[in-house]
Amino acid sequence: MIKGKTRNRTYRAIYRLLDRVSPVPFDCGMICGSVCCTAAADEDMGIYLLPGEEKIHDKNADWLTWHTQSTEEYDFPESWHGKVSWIRCIDPPHCPRSMRPIQCRTFPLAPHITEEGELTLVWNDSDLPYCCPMIEDETELDPRFIQATLTVWKHLIRDPLIYDLVRMDSEERYED
Ligand code: SF4
Ligand code: SF4
């Protein structure tokens with residue numbers, strides 16, 4: 001499995017920090033039927049884990065299945081060599097909240113490094129098979145969620161592999 005520099009204890013601290021915040025002060029799944037969890041499952045999509053994030057998860061947990069992908073076969077940064085973990089939820093949107101991967105926790109925002117090298121957050125603009133109402137409406141998000149998410153990505157991009165991933169996604173936006 002691809003090895004990053006982010007330690008287990010950093011991932012655990014990040015999970016704890018993000019456990020304390022939510023994008024909005026209500027369950028946004030109520031307005032869309034938790035489409036970001038369920039549609040992804042219907043479309044045979046999975047959730048990528050960041051390098052090393054898999055180490056804090058229980059491989060025998062009953063709420064997910066484990067898969068791997070080769071970085072050579074898919075669109076990953078050139079610095080990524082090996083396999084990455086991705087998971088699929090067995091009964092979405094039901095999962096242990098404290099174990100949601102970072103990809104779920106920072107949605108609907110995405111990290112972006114500007115051409116001047118500054119880390120900011122943007123609405124997630126991945127090519128998704130569903131519409132998130134919060135992204136569509138540009139819903140005002142809880143400032144504590146925004147701040148915690150920015151703090152988390154600032155830590156994460158200290159890992160060169162994660163920096164390269166965020167930079168690659170950001171560069172695709174420069175052309176827009
Ligand atoms: S993040 Fe968006 S798509 Fe996911 S549950 Fe909330 S409103 Fe729905
Ligand atoms: S881990 Fe939880 S929040 Fe993330 S997609 Fe699965 S069910 Fe949804």
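The values are calculated or read from the model by the stated rules, or taken from the named source; none is laboratory data. Bear in mind that the values here come from a model prediction, so they are computed numbers and not experimental data. In this analysis, Cβ positions are derived from the backbone assuming ideal geometry, glycine residues included, and neighbour counts consider all displayed protein chains.
Some points to look at:
- Segment 111-133 residues that are within 16 Å of ligand 2 (Cβ to nearest atom), paired with ones that are in a loop (DSSP other than H, G, I, E, B) and not aromatic (Phe, Trp, Tyr) (beta carbon under 6 Å, 6 or more apart): Asn124/Pro108; Pro129/Glu43; Cys132/Pro108
- Of residues in segment 44-60 being within 12 Å of ligand 2 (Cβ to nearest atom) and at pLDDT below 95, the one farthest from the chain's Cα centre (by Cα): Met45
- Qualifying residue in segment 15-24 (condition: without any contact (Cβ under 8 Å) to a residue 60 or more places away in the chain and closer than 15 Å to Asp91 by Cβ): no
- Extreme residue, farthest from Gln147 (Cα to Cα), among residues of segment 19-41 that are in contact with a helix residue (DSSP H, G or I) (Cβ under 9 Å, 6 or more places away or on another chain) and away from ligand 2 (no atom under 14 Å from the Cβ): Ile31
- Answer from Asp142, Asp137, Asp159, Asp75 - the residue that is at pLDDT below 95 and out of contact with any strand residue (DSSP E or B) (no Cβ under 8 Å at 6 or more places or on another chain): Asp75
- Helices (runs of 4 or more DSSP H) wholly inside segment 1-56 containing at least 1 residues that are surrounded by fewer than 17 Cβ atoms within 10 Å (Cβ to Cβ) and either in contact with a strand residue (DSSP E or B) (Cβ under 9 Å, 6 or more places away or on another chain) or charged (D, E, K, R) (or both): 8-19, 35-42
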